[in-house]
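Novice: The structure is given below, and queries will be raised subsequently.
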Number of protein chains: 2
Amino acid sequence: MDTTKICLPQNEIPQAWYNIQPDLPAPLMPPLNPATGEPLGPEALAPIFPMSLIEQEMTMEPWVEIPDDVMRIYKLWRPAPLHRAVALEEELGTPARIYWKNESVSPAGSHKPNTAVAQAYYNKVAGVTRIATETGAGQWGSALSFACCLMGIECMVYMVKVSYQQKPYRRLLMQTWNAECIPSPSDRTAAGRAILEKDPDSPGSLGMAISEAVEDAATRDDTKYSLGSVLNHVLLHQTITGLEIRKQLAMVDDEPNVIVGCVGGGSNFAGFAFPFVKDKLDGKDIRFVACEPKACPTLTRAPYRYDFGDTAEMTPLLKMHTLGHTFVPAPIHAGGLRYHGMAPLVSLLADQKIVEPVAFFQNEVFEAAMLWCRTEGHLPAPETAHAIKGAIDEALKCKQTGEEKCIVIGYSGHGHFDLGAYDGYLSGSLPDYEPDQQSIDDAVSTLPDVADPF
Amino acid sequence: MDTTKICLPQNEIPQAWYNIQPDLPAPLMPPLNPATGEPLGPEALAPIFPMSLIEQEMTMEPWVEIPDDVMRIYKLWRPAPLHRAVALEEELGTPARIYWKNESVSPAGSHKPNTAVAQAYYNKVAGVTRIATETGAGQWGSALSFACCLMGIECMVYMVKVSYQQKPYRRLLMQTWNAECIPSPSDRTAAGRAILEKDPDSPGSLGMAISEAVEDAATRDDTKYSLGSVLNHVLLHQTITGLEIRKQLAMVDDEPNVIVGCVGGGSNFAGFAFPFVKDKLDGKDIRFVACEPKACPTLTRAPYRYDFGDTAEMTPLLKMHTLGHTFVPAPIHAGGLRYHGMAPLVSLLADQKIVEPVAFFQNEVFEAAMLWCRTEGHLPAPETAHAIKGAIDEALKCKQTGEEKCIVIGYSGHGHFDLGAYDGYLSGSLPDYEPDQQSIDDAVSTLPDVADPF
């Protein structure tokens, strides 16, 4: 085959996001009020989200039209190219065809702007003039900063203090897009001040930063809160990636047999995979492989239960695969995959055996990333490298069986801000982490004791 | 207009590079032997370049076919998209149409791989197993590391010591692609040892690093030398960018009136502009604006004379615009534009008034970059931001005159490794530099006194 970079013409960009909720093979359990254990009504979320996004969270409409003002910004980088990894195929000697959907071409360098732009838009239309959020390693914070900047609204990012100090480039990227980015815990919120009073040198955590951002939004009339993964509406916005893949594969007369993505909160994986789930339910030969770190084995080792989304127990309860909200993952370089829970929609599909989870150590992941750099040339983010490792394993299985499968990698982002992690790998100093069963059992034992509402 | 990201189908990628030499409006002066002042024959360059590249340096063939093995690697990112900057147009209120050719999508993040891949290929075919080069800020070194890695040959990069220490990410990128990268001056070469003996703490310079790389290549049978700009064959390989632009503009029924690029050694600018020069000679309404830093005003303030390409006087003499090989540009952040000379082909076209040079201070360049980030979203390299500043000025002229011109920006690379420079701008701490006339006169007074051979 001659064509290895498949560009969808821009006038064929999908015009609506795909909502998987009407097509689910089992009922999705609703979010619960932690105080009462009762399902949460839309009004309960209104202090921190605009109503249009709350409606998207719950809608059963199969398609949600992409507004013109969102599309206008998408077109700064979309459609994202689909590449065929011919050099990798040759290196592996596999009969499989390996494609990769390149979401790294967005201004923020990952898939995250797909939802950031949409969320900024719906907030702006609702009259919100300022959005608060948290960020760990900085991928989400920079995506939302970019989106708010282009939509003309303010962005306030609480960045985990240790990352703020270690990753000045991500912080500078946010500032270039006009955002205010401060280290968390901060003295701006009651939550932050309480933490600093106990421990003035606290390095911060994602849980703490969420508490600060939610408090910021809940206590200011002009401000709402925004989340970069986990929730249904976030996953909805990401489906444009899978919808584009379908059209691009059709251009070369191909169809996917295996879709491989990394999973942290689940939005990246959902975006690539959800538009193909109905094909599987209809009997097509297609599998969905979700790659997670062994250091944070949410899908491979954790129960499917109700839990809080944050460490500080401020969020509603969500039914999901969870290691427990007190679980603290080891400091692997794939910071975007260090989350104790998993999107409820992805969790349900894993529970239904539609999504197949696998888990990897970070050294084998970086080994796969190096093979990628030296065949395909592009430098993947450590999170993305989990999907590459998963795809290589699938392609090697095809080599054994002789099957000519079509494998699609969700290439979620580039590694331009992650070269310190590569340095660690190249110098042989990366530890492999895997929690012992006791530490998982301990965290799971703190899960709230609530029953499914139906 | 609806289409703002114009993707050329991959089967329409240009199959040959365009050679401007047969179309020049005046004779190009040949390189001279510095000892004799006589034109240099091909054999004089054979110790450091393979004969195929020496032939390309001198060929009068109008087209040079792109070899299959080069095309295979080009297709990892090519064709590069052409975008229309609608948001910037609206912000400026200009009737001009502004397009930008996005060379930042290459694995190394700039246009440099266009020639790096070609040079690695021709060296490999000639039996060379190792290439030595120098790099300043690291753009060229990383592009050649990438190319050598994918071609399966060794790459040795002498990196200016102060950059080696200040830019660990660029160095790590080279190492990820298997290159050996060491700080220059080093103890590996006689040139390096001589410098270290006089000054053990020397911070290095591009001139010193060139001396080391050339010596490395000249003294080892398995090794040749590679240069990332200035020479004719380097500019030749870059013309794929302009050839793609022509096809992409035709897809939206448009033609360029102004092509704007930044100039350091000249290869980036030549790549975008050369395929359109004959149009101008044939009477079409098209201008070529070359943007340089006021700190290194090679085209705007320097004479058109024979000079050495390097500080250490090891290279042949080239007829070019030159500030003098002893000129030391101020430490602006656009490291790729800090070169005392200019490609002989670009120099000739400037001398013939076909290329129009302009010069900018770095603060006005970063101001333009910030406007770009906040409208088009993407983060440009400081070098590239010079072209953006030039294009904004042209678009504002159109606003004054009401002319609906088609302006094309050569977007040579992203700024993901340059956020320190943005930090300097945002914190208000960037100095503006402009050499006084005496310092230019002093450097120019050291030019060798040789006459044009014809």
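Novice: Is the stretch A:159-168 home to any residue that is within 11 Å of chain B (Cβ to nearest Cβ) and surrounded by fewer than 24 Cβ atoms within 10 Å (Cβ to Cβ)? Even if it seems obvious, please write down each step before you answer.
Specialist: Residues of the stretch A:159-168 that are within 11 Å of chain B (Cβ to nearest Cβ), as a first pass: A:167-168.
With the extra rule that they be surrounded by fewer than 24 Cβ atoms within 10 Å (Cβ to Cβ), the set shrinks to A:167-168.
Yes, because at least one residue in the stretch A:159-168 is within 11 Å of chain B (Cβ to nearest Cβ) and surrounded by fewer than 24 Cβ atoms within 10 Å (Cβ to Cβ).
Novice: Filter the stretch B:285-312 down to the residues that are buried (at least 20 other Cβ atoms within 10 Å of the Cβ), part of a helix (DSSP H, G or I) and β-branched (Val, Ile, Thr) and list them by number.
Specialist: Passing the criteria: only B:Thr298.
Novice: Still on this structure, I have one more. Filter the stretch B:211-224 for residues that are in contact with a strand residue (DSSP E or B) (Cβ under 7 Å, 6 or more places away or on another chain) and buried (at least 24 other Cβ atoms within 10 Å of the Cβ) and give the result.
Specialist: Within the stretch B:211-224, B:Glu212, B:Ala213, B:Val214, B:Asp216, B:Lys224 qualify.
Novice: Determine if the stretch B:365-377 includes at least one residue that is within 11 Å of chain A (Cβ to nearest Cβ), open to solvent by less than 10 Å² (accessible area, probe 1.4 Å) and among the small types (Gly, Ala, Ser). Outline the logic, then answer.
Specialist: First, the residues of the stretch B:365-377 that are within 11 Å of chain A (Cβ to nearest Cβ): B:366, B:369-370, B:372-377.
Okay, now just the ones that are also open to solvent by less than 10 Å² (accessible area, probe 1.4 Å), so B:366, B:369, B:372-373, B:376-377.
Then drop every residue that is not among the small types (Gly, Ala, Ser), which leaves B:369, B:377.
Among the residues of the stretch B:365-377, at least one is within 11 Å of chain A (Cβ to nearest Cβ), open to solvent by less than 10 Å² (accessible area, probe 1.4 Å) and among the small types (Gly, Ala, Ser), which makes the answer yes.
Novice: Considering only residues that are open to solvent by less than 20 Å² (accessible area, probe 1.4 Å) and touching a strand residue (DSSP E or B) at 6+ places or on another chain (Cβ under 9 Å), which ones fall in the stretch B:117-135?
Specialist: Pass one, the stretch B:117-135, residues open to solvent by less than 20 Å² (accessible area, probe 1.4 Å): B:117-120, B:123, B:128, B:130-135.
Selection gives B:Ala118, B:Gln119, B:Ala120, B:Asn123, B:Val128, B:Arg130, B:Ile131, B:Ala132, B:Thr133, B:Glu134, B:Thr135.
Novice: Could I ask something else about it? Give me a count of the residues in the stretch A:82-93 that are buried (at least 24 other Cβ atoms within 10 Å of the Cβ) and part of a loop (DSSP other than H, G, I, E, B).
Specialist: Qualifying residue count, the stretch A:82-93: 1.
Novice: Against the conditions (1) touching a strand residue (DSSP E or B) at 6+ places or on another chain (Cβ under 9 Å); (2) more than 18 Å from A:Ala369 (Cβ to Cβ); (3) more than 9 Å from chain B (Cβ to nearest Cβ), where does A:Ile98 fall short? Just the number, please.
Specialist: The single condition A:Ile98 does not satisfy is (2).
Novice: OK, next. Of the residues A:Leu345, A:Leu349, A:Leu318, A:Leu323, which is more than 17 Å from A:Glu383 (Cα to Cα) and in a strand (DSSP E or B)?
Specialist: Working: A:Leu345 fails: in a strand (DSSP E or B); A:Leu349 fails: in a strand (DSSP E or B); A:Leu323 fails: in a strand (DSSP E or B).
None of the others qualify; the one that does is A:Leu318.
Novice: B:Glu356 is checked against (1) in contact with a strand residue (DSSP E or B) (Cβ under 9 Å, 6 or more places away or on another chain); (2) part of a loop (DSSP other than H, G, I, E, B); (3) under 18 Å from B:Leu299 (Cβ atoms); (4) not basic (Lys, Arg) and fails just one. What number does that condition carry?
Specialist: (2)
Novice: Among what's in the stretch B:397-425 and is in a helix (DSSP H, G or I) and open to solvent by 70 Å² or more (accessible area, probe 1.4 Å), pick the residue that is nearest to B:Leu92 (Cα to Cα).
Specialist: Our first condition is that a residue be in a helix (DSSP H, G or I); within the stretch B:397-425, this holds for B:397-401, B:419-425.
Remaining after also requiring open to solvent by 70 Å² or more (accessible area, probe 1.4 Å): B:397, B:399-401.
Details: B:Lys397: 11, B:Lys399: 8, B:Gln400: 11, B:Thr401: 14 Å.
This residue is B:Lys399.
Novice: Residue under question is A:Leu396, and the condition is that it be at pLDDT 95 or above and more than 17 Å from the chain's Cα centre (by Cα); does it hold?
Specialist: On the way: at pLDDT 95 or above: yes; more than 17 Å from the chain's Cα centre (by Cα): yes.
Here the answer is yes, as A:Leu396 does meet what is asked.
Novice: If you go through the stretch A:1-15 one residue at a time, do you hit one that is away from chain B (no Cβ under 14 Å) and either in a helix (DSSP H, G or I) or not acidic (Asp, Glu) (or both)?
Specialist: If we filter the stretch A:1-15 for residues that are away from chain B (no Cβ under 14 Å), which is where we start, we get A:14.
From what is left, the residues that are either in a helix (DSSP H, G or I) or not acidic (Asp, Glu) (or both) are A:14.
Checked the stretch A:1-15: at least one residue is away from chain B (no Cβ under 14 Å) and either in a helix (DSSP H, G or I) or not acidic (Asp, Glu) (or both).
Novice: To continue, here is another question. Is it the case that some residue within the stretch B:184-191 is over 17 Å from B:Ile131 (Cβ atoms) and aliphatic (A, V, I, L, M)?
Specialist: yes
A quick yes/no check of all residues on (1) under 23 Å from B:Met159 (Cβ atoms); (2) touching a Gly at 6+ places or on another chain (Cβ under 6 Å):
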{"residue": "B:Leu227", "(1), (2)": "yes, no"}
{"residue": "B:Leu231", "(1), (2)": "yes, no"}
{"residue": "B:Thr239", "(1), (2)": "no, yes"}
{"residue": "B:Arg246", "(1), (2)": "no, no"}
{"residue": "B:Val260", "(1), (2)": "no, yes"}
{"residue": "B:Gly266", "(1), (2)": "yes, no"}
{"residue": "B:Phe269", "(1), (2)": "no, yes"}
{"residue": "B:Lys284", "(1), (2)": "no, no"}
{"residue": "B:Val289", "(1), (2)": "no, yes"}
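Novice: Being under 19 Å from B:Val355 (Cα atoms) and in contact (Cβ under 8 Å) with a residue 60 or more places away in the chain is the filter here; which residues of the stretch B:321-331 pass it?
Specialist: The first filter runs over the stretch B:321-331 and keeps only residues under 19 Å from B:Val355 (Cα atoms), leaving B:321-323.
B:Thr322, B:Leu323, listed by residue number.
Novice: Would you tally the residues in the stretch A:178-210 being within 14 Å of chain B (Cβ to nearest Cβ) and surrounded by fewer than 17 Cβ atoms within 10 Å (Cβ to Cβ)?
Specialist: Step one: list which residues in the stretch A:178-210 are within 14 Å of chain B (Cβ to nearest Cβ), which gives A:178-181.
Among the residues that remain, those that are also surrounded by fewer than 17 Cβ atoms within 10 Å (Cβ to Cβ) are: A:180.
Residues that pass the stated criteria total 1.
Novice: With the structure loaded, tell me whether B:Gln175 is of a type outside the set (Gly, Ala, Ser), in a helix (DSSP H, G or I) and more than 14 Å from chain A (Cβ to nearest Cβ) or whether it fails that test.
Specialist: Working: of a type outside the set (Gly, Ala, Ser): yes; in a helix (DSSP H, G or I): yes; more than 14 Å from chain A (Cβ to nearest Cβ): no.
Taking the combined requirement at face value, the residue does not satisfy it.
Novice: Got a sec? Which helices (runs of 4 or more DSSP H) wholly within the stretch B:182-251 have at least 2 residues that are under 30 Å from B:Ile20 (Cα atoms) and under 23 Å from the mean Cα position of the chain (by Cα)? Break it down into steps so the answer makes sense when it comes.
Specialist: On the way: elements: B:190-198, B:206-218, B:232-238, B:240-251.
Helices (runs of 4 or more DSSP H) meeting the threshold: B:206-218, B:232-238, B:240-251.
Novice: Among the residues of the stretch A:72-81, which ones are part of a helix (DSSP H, G or I) and either more than 10 Å from chain B (Cβ to nearest Cβ) or open to solvent by less than 10 Å² (accessible area, probe 1.4 Å) (or both)? So that I can check it myself, show each step before the final result.
Specialist: Filtering the stretch A:72-81 down to residues part of a helix (DSSP H, G or I) leaves A:72-74.
If the condition is that a residue be part of a helix (DSSP H, G or I) and either more than 10 Å from chain B (Cβ to nearest Cβ) or open to solvent by less than 10 Å² (accessible area, probe 1.4 Å) (or both), then A:Ile73, A:Tyr74 are the ones that fit.
Novice: Also: Within the stretch B:82-95, track down each residue that is out of contact with any Asp or Glu (no Cβ under 8 Å at 6 or more places or on another chain) and either under 19 Å from B:Asn11 (Cβ atoms) or within 14 Å of chain A (Cβ to nearest Cβ) (or both).
Specialist: The first filter runs over the stretch B:82-95 and keeps only residues out of contact with any Asp or Glu (no Cβ under 8 Å at 6 or more places or on another chain), leaving B:84, B:86, B:89-94.
Passing the criteria: B:Arg84, B:Val86, B:Glu89, B:Glu90, B:Glu91.
Novice: Taking B:Glu103, is it open to solvent by 40 Å² or more (accessible area, probe 1.4 Å), modelled with pLDDT of 95 or more and either away from every other protein chain (no Cβ under 11 Å) or touching an Asp or Glu at 6+ places or on another chain (Cβ under 8 Å) (or both)? Can you show your working first?
Specialist: On the way: open to solvent by 40 Å² or more (accessible area, probe 1.4 Å): no; modelled with pLDDT of 95 or more: yes; either away from every other protein chain (no Cβ under 11 Å) or touching an Asp or Glu at 6+ places or on another chain (Cβ under 8 Å) (or both): yes.
No.
Novice: State whether one or more residues within the stretch B:197-209 are free of Cβ contacts under 8 Å to residues at least 60 places away in the same chain and of a type in the set (A, V, I, L, M, F, W, C).
Specialist: Filtering the stretch B:197-209 down to residues free of Cβ contacts under 8 Å to residues at least 60 places away in the same chain leaves B:197-204.
Narrowing the set further to residues that are of a type in the set (A, V, I, L, M, F, W, C) leaves none.
Looking for residues that are free of Cβ contacts under 8 Å to residues at least 60 places away in the same chain and of a type in the set (A, V, I, L, M, F, W, C), one finds none in the stretch B:197-209, hence no.
Novice: If we scan the stretch A:47-55, do we find a residue that is away from chain B (no Cβ under 14 Å), in a loop (DSSP other than H, G, I, E, B) and of a type in the set (Phe, Trp, Tyr)? Walk me through how you get there before you give the answer.
Specialist: We begin by selecting, within the stretch A:47-55, every residue away from chain B (no Cβ under 14 Å); these are A:47-55.
Subset that is in a loop (DSSP other than H, G, I, E, B): A:47-50.
From what is left, the residues that are of a type in the set (Phe, Trp, Tyr) are A:49.
Yes, the stretch A:47-55 contains at least one residue that is away from chain B (no Cβ under 14 Å), in a loop (DSSP other than H, G, I, E, B) and of a type in the set (Phe, Trp, Tyr).
Novice: Can I ask one more? Quick check: is even one residue across the stretch B:16-33 more than 29 Å from B:Gln248 (Cβ to Cβ), modelled with pLDDT of 95 or more and outside any loop (DSSP other than H, G, I, E, B)?
Specialist: Yes, some residue in the stretch B:16-33 is more than 29 Å from B:Gln248 (Cβ to Cβ), modelled with pLDDT of 95 or more and outside any loop (DSSP other than H, G, I, E, B).
Novice: Name the residue, out of B:Leu323, B:Leu318, B:Leu348, B:Leu337, that is over 26 Å from B:Ala421 (Cα atoms), more than 14 Å from chain A (Cβ to nearest Cβ), touching a Gly at 6+ places or on another chain (Cβ under 8 Å) and buried (at least 18 other Cβ atoms within 10 Å of the Cβ). Step through it out loud before you land on a result.
Specialist: On the way: B:Leu323 fails: over 26 Å from B:Ala421 (Cα atoms); B:Leu348 fails: touching a Gly at 6+ places or on another chain (Cβ under 8 Å); B:Leu337 fails: over 26 Å from B:Ala421 (Cα atoms).
That would be B:Leu318, the only listed residue that is over 26 Å from B:Ala421 (Cα atoms), more than 14 Å from chain A (Cβ to nearest Cβ), touching a Gly at 6+ places or on another chain (Cβ under 8 Å) and buried (at least 18 other Cβ atoms within 10 Å of the Cβ).
Novice: What do you reckon, is A:Ser267 polar (S, T, N, Q), touching a His at 6+ places or on another chain (Cβ under 8 Å) and either within 19 Å of A:Met58 (Cα to Cα) or surrounded by fewer than 22 Cβ atoms within 10 Å (Cβ to Cβ) (or both)?
Specialist: Taking the combined requirement at face value, the residue satisfies it.
Novice: Now a separate question. Scan A:Cys155, A:Cys148 and give me the residue that is of a type outside the set (Gly, Ala, Ser), within 14 Å of chain B (Cβ to nearest Cβ), part of a helix (DSSP H, G or I) and free of Cβ contacts under 8 Å to residues at least 60 places away in the same chain. It would help to see each step written out before you state the result.
Specialist: Details: A:Cys155 fails: part of a helix (DSSP H, G or I).
After ruling out the rest, the residue left standing is A:Cys148.
The values are calculated or read from the model by the stated rules, or taken from the named source; none is laboratory data. Since the structure is predicted, the reported quantities are computational estimates derived from the model, not experimental observations. A quick note on method: Cβ atoms are made from the backbone with ideal geometry, for glycine too, and the neighbour counts reach across all protein chains shown. When the accessible area is computed, the model is the full protein with side chains, heavy atoms only, and any ligands, DNA or RNA have been set aside. Shrake-Rupley method; radii C 1.70, N 1.55, O 1.52, S 1.80 Å.
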